[in-house]
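Trainee: Take a look at the following structure, please.
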Amino acid sequence: MTWNFDVLPDFIFNGLSLGAIYGTVALALVLIFKATTLINFATGELAMLGAFLVYVLHMEQGLWLWLSMLLAMLLSAGLGVLIERSLTRPFDPEDHLPVVLITLGLFLIINAVAGDIWNYQVRILTNPFGKFPDWVPSVGGDRFVEVLGSRLKYQSIGIWVTLAVALFVLGLILNKTRAGLAFRAVSSNVESARLVGVHTGRTLGFGWAIASAFGTLGAVLVAPQLGGVNPNMMATILIYALAGAALGGLDSLGGAVLGGILVGLIQAVLVTWGGVVVFGQLYMSILQLAAAFLIILIVLLFRPSGLFGTRRVERV
Amino acid sequence: MVDDVFDEVGLKVEDLHASYGAVEVLRGLDFEVAAKGVSVILGANGAGKTTTLRAICNMCNTSGKVTLGDDDITRTGTAEIVRKGVAHVPQGRGTFPELSVLDNLMIGAYTRKDKEVKDDVDRWFEIFPRLSERSDQLAGSLSGGEQQMLAVARALMCRPRLLLLDEPSLGLAPLIIEDLFERFTTLNKETGLTMLVVEQNANLALDMADYGYVIESGEITLSGSAEKLKNDPAVQEAYLGA
Ligand SMILES: Nc1ncnc2c1ncn2[C@@H]1O[C@H](COP(=O)(O)OP(=O)(O)OP(=O)(O)O)[C@@H](O)[C@H]1O
Ligand SMILES: [Mg+2]
């Protein structure tokens with residue numbers, strides 16, 4: 001057994017960038033959970049649909065990639081509002097089972113529809129951070145810089161910066177706008193929110209909108225690592241994101257991001273780097289999934305409200 | 001204190017029924033709060049006082065008729081009723097524990113579009129310096145009494161025309177209670193704010209009120225002017241500790 005420490009930074013970098021993506025999707029989960037104490041199992045498939053929107057707008061219609069992403073995020077947000085209004089609002093918010101079943105149904109429907117339209121092949125989607133732009137001085141190659149003797153990919157840096165910007169914007173929306181204040185109020189106490197005149201339904205729709213946009217962002221960022229977009233691309237990502245959200249605390253936005261990053265790190269460093277040494281390459285994907293479940297299990301056993309969660313998490 | 005932006009409005013409740021599941025808790029209440037008036041509801045634990053206030057705001061299963069001024073609000077949603085000028089301080093605070101004290105006050109003014117929200121926040125901070133000192137603290141970390149102050153201030157931030165108070169004195173120190181009720185009285189006298197108060201502290205409530213109702217098992221068993229109730233032997237025995 002040989003521990004190859006030279007490649008450790010590679011794994012840490014990879015873990016941190018995968019983790020940032022898990023964090024983004026975890027954030028989408030937590031935004032809706034905070035307000036409704038529901039887990040939206042369709043989060044991943046909505047995100048996948050958003051990534052396909054980027055595919056259509058950018059690869060098929062030839063729109064600029066970043067404009068396509070922005071449009072796809074807006075369209076996802078609109079779809080989120082529509083789903084909240086038509087599929088979840090008619091149901092009693094206190095009764096969780098019907099709404100959870102609806103999100104599970106959405107999961108299957110969106111996946112099937114996407115499979116029908118685009119079939120289940122992987123389709124290449126341009127990597128937003130494939131190569132450094134020309135104005136960046138070369139310090140290694142056009143796709144990475146040398147750090148600690150390892151290659152830090154432009155892709156990783158791009159993901160971190162994007163997530164940081166997205167978090168900053170989310171912070172502004174939640175803390176500086178009227179709608180954001182209303183959303184935090186509904187998340188804190190639905191009945192009191194009604195008693196100050198907040199329309200809780202519309203406010204939840206607002207939460208669905210932001211969550212869907214964040215999911216789409218996560219899916220677009222993860223696509224290059226999966227070789228492109230395909231209808232099943234988010235299935236395992238959603239599980240890791242769920243693990244991250246459970247780890248961070250299902251009702252903590254900051255916790256979701258940190259939890260996602262931690263899961264990415266654990267997966268890359270402990271499981272992949274450590275695991276290859278001990279078990280060999282063969283069992284990697286099984287080990288990674290098992291690790292995600294193990295994290296959820298251990299956290300929920302010892303800290304039901306997660307590392308950063310406040311309230312007791314209700315079971316759905 | 002708060003500017004004269006209120007226009008007075010009365011409340012009329014007719015044959016109000018309310019139930020939780022199969023259990024009927026209110027069994028046909030009829031009462032009124034005159035515009036600019038202060039009415040008090042007295043009753044033992046579990047009599048249905050809280051449910052009455054919740055029913056007015058359409059927060060539970062109800063039938064009957066509730067009229068606010070000229071508006072029939074029986075089928076109006078809670079948020080819309082608040083937008084019509086009804087503020088409700090629910091029993092057990094009803095603040096937003098995960099929001100800062102300041103944000104709790106700001107969300108109280110959610111329905112307002114005018115520019116004087118900040119001034120009102122300052123005014124409440126003057127009245128409750130304890131809240132001012134804790135402006136950035138999360139409401140959930142306030143003491144029970146501080147939360148009650150916050151709940152009252154939060155409700156008044158929307159500049160209501162009708163104020164529903166569910167045991168506002170709960171958990172407050174005697175001096176603070178006196179001060180608070182003095183402020184309610186001033187608000188009523190100066191701005192014509194109509195009030196419906198549920199209160200265990202019957203002495204204090206009857207002093208402030210001009211009319212009162214006694215509820216027993218979801219029915220009004222006694223009503224009359226505050227003077228009359230104060231001198232009623234049954235009321236004295238049950239609620240005034242005489
Ligand atoms: N959510 C609920 N579900 C079922 N029953 C309820 C509910 N809320 C109240 N009740 C019942 O309705 C009755 C009236 O309750 P309510 O809270 O209106 O009493 P109250 O007069 O405000 O009492 P207190 O002085 O203790 O506050 C009680 O018997 C109570 O058990
Ligand atoms: Mg009560």
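Trainee: What total accessible surface area, summed over both chains, is buried at the interface between chains B and A, computed with a 1.4 Å probe and given in Å² to the nearest 100?
Mentor: Working: alone 10900 and 15530 Å², together 24550 Å².
Between B and A, the summed buried area is about 1900 Å².
Trainee: Using helices alone, what [θ] at 222 nm do you get for chain B, with -39,500 (n - 2.57) per DSSP H run of 4 or more residues, divided over all residues and rounded to the nearest 500? Let's see the in-between values first.
Mentor: On the way: 10 runs with 89 residues, N = 242.
Only helices count here, giving -10500 deg cm²/dmol.
Trainee: Give the angle, between 0 and 90 degrees and rounded to the nearest 10, that separates the Cα long axis of helix A:43-54 from the longest principal axis of the Cα atoms of chain A.
Mentor: Approximately 70 degrees, to the nearest 10.
Trainee: Pairs of Cα atoms under 8 Å, at least six residues apart: use those to get the relative contact order of chain A, whole percent. Working shown, then result.
Mentor: Details: 515 pairs, mean separation 111.8, N = 316.
Dividing the mean separation by the residue count of chain A yields 35 percent.
Trainee: So, one more: Within 10 Å of each Cβ of B:73-79, how many other protein chain Cβ atoms are there on average? Please list the in-between numbers first.
Mentor: Details: counts 0, 0, 0, 0, 4, 8, 11.
What the average comes to for B:73-79 is 3.
Trainee: Can you bin chain B into rounded, prolate or oblate? Criterion: square roots of the alpha carbon gyration tensor eigenvalues sorted a ≥ b ≥ c, rounded for a/c under 1.5, prolate for a/b above b/c, oblate for the rest.
Mentor: Working: a/c = 1.58, a/b = 1.35, b/c = 1.17.
The shape class here is prolate.
Trainee: Does anyone have the angle between helix A:178-188 and the longest principal axis of chain A? Alpha-carbon axes, 0 to 90°, nearest 10?
Mentor: So the helix axis and the longest Cα principal axis differ by about 80 degrees.
Trainee: Kindly point out which whole DSSP H helices in chain B project their C-alpha atoms 20 angstrom or further along the helix axis while averaging a Kyte-Doolittle hydropathy of -1.0 or above. Intermediate results must be reported in sequence, preceding the final value.
Mentor: Values: long enough: B:174-191 (25 Å, -0.20).
Those that clear 20 Å and a mean of -1.0 are B:174-191.
Trainee: Per residue in the stretch A:185-227, which ones lose no less than 10 Å² of accessible surface when going from chain alone to all protein chains (1.4 Å probe)?
Mentor: Residues passing the criterion (a loss of at least 10 Å², heavy atoms only) are A:Ala185, A:Ser188, A:Asn189, A:Glu191, A:Ser192, A:Arg194, A:Leu195, A:Val196, A:Gly197, A:Val198, A:His199.
Trainee: If you don't mind, there's one more thing I want to ask. What nm value, rounded to one decimal, do you get for the distance between B:Asp179 and B:Tyr20 when each label is placed 7 Å out toward the C-beta?
Mentor: About 3.4 nm separates the two model spin labels.
Trainee: Here is a further query. Magnitude of the Cβ-charge dipole of chain A, K/R +1 and D/E -1, about the Cα centre, nearest 20 debye? Write out the running numbers ahead of the final one.
Mentor: Values: 17 positive and 15 negative charges, 119 e Å.
In debye, rounded to 20, chain A gives about 580.
Trainee: Oh, and also: Farthest toward the dipole's positive end in chain A, which of A:Ser76, A:Ala223, A:Val186, given Cβ charges of +1 (Lys, Arg) and -1 (Asp, Glu) about the Cα centre?
Mentor: Highest projection toward the positive end goes to A:Val186.
Trainee: Let me confirm one metric for peptide B:155-167, namely the mean number of other chain beta-carbon atoms within 10 Å of its residues' beta-carbons.
Mentor: Mean shielding by partner chains, rounded to a whole number: 1.
Trainee: Could you calculate the FRET efficiency of A:Thr177 with B:Glu237 from 1/(1 + (r/R0)^6), where r is the beta carbon distance between them and R0 is 45 Å, rounded to 0.05? Mind dumping the intermediate values first?
Mentor: On the way: r = 55 Å, r/R0 = 1.22.
Efficiency for this residue pair is about 0.25.
Trainee: Which pairs in the list B:Lys36/B:Lys228; B:Lys65/B:Lys113; B:Lys49/B:Lys118; B:Lys36/B:Lys84 are over 23 Å apart, alpha-carbon to alpha-carbon? Don't skip to the answer; put the middle values down first.
Mentor: Numbers: B:Lys36/B:Lys228 20 Å; B:Lys65/B:Lys113 30 Å; B:Lys49/B:Lys118 34 Å; B:Lys36/B:Lys84 16 Å.
Where the Cα-Cα span goes over 23 Å, the pairs concerned are B:Lys65/B:Lys113; B:Lys49/B:Lys118.
Trainee: Right, next: What FRET efficiency would be calculated for the residue pair A:Gln225, A:Ile298, taking the C-beta separation as r and a Förster radius of 22 Å, to the nearest 0.05?
Mentor: Details: r = 26 Å, r/R0 = 1.20.
Using R0 = 22 Å, I get an efficiency of 0.25.
Trainee: Further, regarding this structure: For B:Ile73, list long-range residues whose amide hydrogen, built 1.01 Å from N in the peptide plane, is under 5 Å from its own amide hydrogen.
Mentor: Residues meeting the amide H criterion: B:Val66, B:Thr67, B:Leu68.
Trainee: While we're here: Which semi-axes, in whole Å and largest first, does the equivalent ellipsoid of the protein assembly as shown have when worked out from the alpha carbon gyration tensor as the square roots of 5 times its eigenvalues? Could the numbers behind the result be given before it?
Mentor: Working: eigenvalues 615, 105, 95 Å².
Each semi-axis is √(5λ); the values are 55, 23, 22 Å.
Trainee: Of all the Cα-Cα pairs you can form in the stretch A:5-302, what percent are over 33 Å apart? Present the calculation step by step, with values, prior to reporting the outcome.
Mentor: Values: 10198 of 44253 pairs.
Within the stretch A:5-302, distances greater than 33 Å cover 23 percent of Cα pairs.
Trainee: Further question on the same structure: At a 1.4 Å probe radius, carbon and sulfur cover how many percent of the accessible area of the protein assembly as shown? Don't jump to the answer; show the numbers that get you there.
Mentor: Details: 14540 of 24550 Å².
Answer for the protein assembly as shown: carbon and sulfur cover 59 percent of the accessible area.
Trainee: Based on the Cβ-Cβ distance from B:Asp114 to A:Thr126, what FRET efficiency comes out when R0 is 45 Å, to the nearest 0.05? Provide the component values of the computation, followed by the final result.
Mentor: Numbers: r = 50 Å, r/R0 = 1.10.
Here the calculated transfer efficiency is 0.35.
Trainee: So in the protein assembly as shown, what percent of DSSP beta bridges are antiparallel if you round to the nearest 5?
Mentor: Working: 30 of 48 bridges.
Bridges in the protein assembly as shown are about 60 percent antiparallel.
Trainee: Put +1 on the Cβ of each Lys and Arg and -1 on the Cβ of each Asp and Glu in the protein assembly as shown; which of B:Gly28, B:Leu180, B:Gly108 then has its Cα farthest toward the positive end of the dipole?
Mentor: Result: B:Gly108.
Trainee: For peptide B:89-96, compute the average count of partner chain beta-carbon atoms within 10 Å of each residue's beta-carbon.
Mentor: On the way: counts 1, 4, 0, 0, 2, 6, 3, 10.
If you average over the peptide's residues, the count of other-chain Cβ atoms is 3.
Trainee: Now for a different question. Mind checking the per residue accessible area of the protein assembly as shown for me, 1.4 Å probe, whole number of Å²? Don't skip to the answer; put the middle values down first.
Mentor: Numbers: 24550 Å² over 558 residues.
Ligands and nucleic acids excluded, the result is 44 Å² per residue.
Trainee: Relative to the Cα centre, what is the charge dipole magnitude of chain B, using +1 at the beta carbon of each Lys and Arg, -1 at the beta carbon of each Asp and Glu, and rounding to the nearest 20 debye?
Mentor: Details: 24 positive and 38 negative charges, 97 e Å.
The dipole magnitude comes to about 460 debye.
Trainee: Continuing with the same structure: To the nearest 10 degrees, how steeply does helix A:8-36 sit against the main Cα axis of chain A, on a 0 to 90 scale?
Mentor: 10 degrees
Trainee: Can you list the residues, at least 5 places off or on another chain, whose amide H is less than 5 Å from the amide H of B:Gly224, using H built in the peptide plane?
Mentor: For B:Gly224, the qualifying residues are B:Gly212.
Trainee: Which number do you get for Rg(Cα) / (2.2 N^0.38 Å) in the stretch B:94-159? Intermediate values should be presented prior to the final figure.
Mentor: Numbers: Rg = 10.6 Å, N = 66, 2.2 N^0.38 = 10.8 Å.
Working it through for the stretch B:94-159, the quotient is 0.98.
The values are calculated or read from the model by the stated rules, or taken from the named source; none is laboratory data. Fair warning: this is a prediction, and the values are worked out from it, not measured in the lab. Positions of Cβ are generated from backbone atoms using ideal geometry, with glycine treated the same way; all protein chains shown enter the neighbour counts. Just the protein is used for accessible areas: all its heavy atoms, side chains included, with ligands, DNA and RNA removed. Shrake-Rupley method; radii C 1.70, N 1.55, O 1.52, S 1.80 Å.
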